[in-house]
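See below for the structure under consideration.
The values are calculated or read from the model by the stated rules, or taken from the named source; none is laboratory data. Given the structure is predicted, the values throughout are model-derived calculations rather than measurements. Virtual Cβ from ideal backbone geometry, glycine too; neighbours counted across all protein chains shown.
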Amino acid sequence: MLTTDQKETILRRAGVAVPAFPSRRPSDQQQHQSEAEPILKANMQADGRQKTAEQWARTIDVLFVEYSAARAARSLRDAEEARQLGALRHAADGSTA
């Protein structure tokens, strides 16, 4: 099974618009604005960042499923087209002989 990072890399290489990973930490200035910041508030911010990261991962998963399905459908169409062309060539070769 692929990791989210691997899926993101595949999508980017395929030219799919992928959202950037959310910032892991607020800037140092924001983080240290108040040295007496309550631990609860810090935990809430961490939970918010975690939820944002989880949402990003779900978005990557959805994009990868869509990409994989489109690629599989294209492969099936190409295989069917090749089969039909082969059948036409075989029929044409049989009628001229």
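For the criterion of being within 30 Å of residue 18 (Cα to Cα), under 15 Å from the mean Cα position of the chain (by Cα) and of a type in the set (D, E, K, R), residue 71 passes. For residue 96, the criteria (1) modelled with pLDDT of 95 or more; (2) among the hydroxyl-bearing types (Ser, Thr, Tyr); (3) surrounded by fewer than 11 Cβ atoms within 10 Å (Cβ to Cβ) hold in every case but one, which is (1). For residue 18, are the conditions met, namely being at negative phi, modelled with pLDDT of 95 or more and part of a loop (DSSP other than H, G, I, E, B)? Yes: the conditions hold for residue 18.
Given the structure, is residue 61 in contact (Cβ under 8 Å) with a residue 12 or more places away in the chain and acidic (Asp, Glu)? Spelling it out, residue 61 is indeed in contact (Cβ under 8 Å) with a residue 12 or more places away in the chain and acidic (Asp, Glu). One residue stands out in segment 21-61 among those that are surrounded by 10 or more Cβ atoms within 10 Å (Cβ to Cβ) and of a type in the set (Val, Ile, Thr): the one that is modelled with the lowest pLDDT, namely 52.
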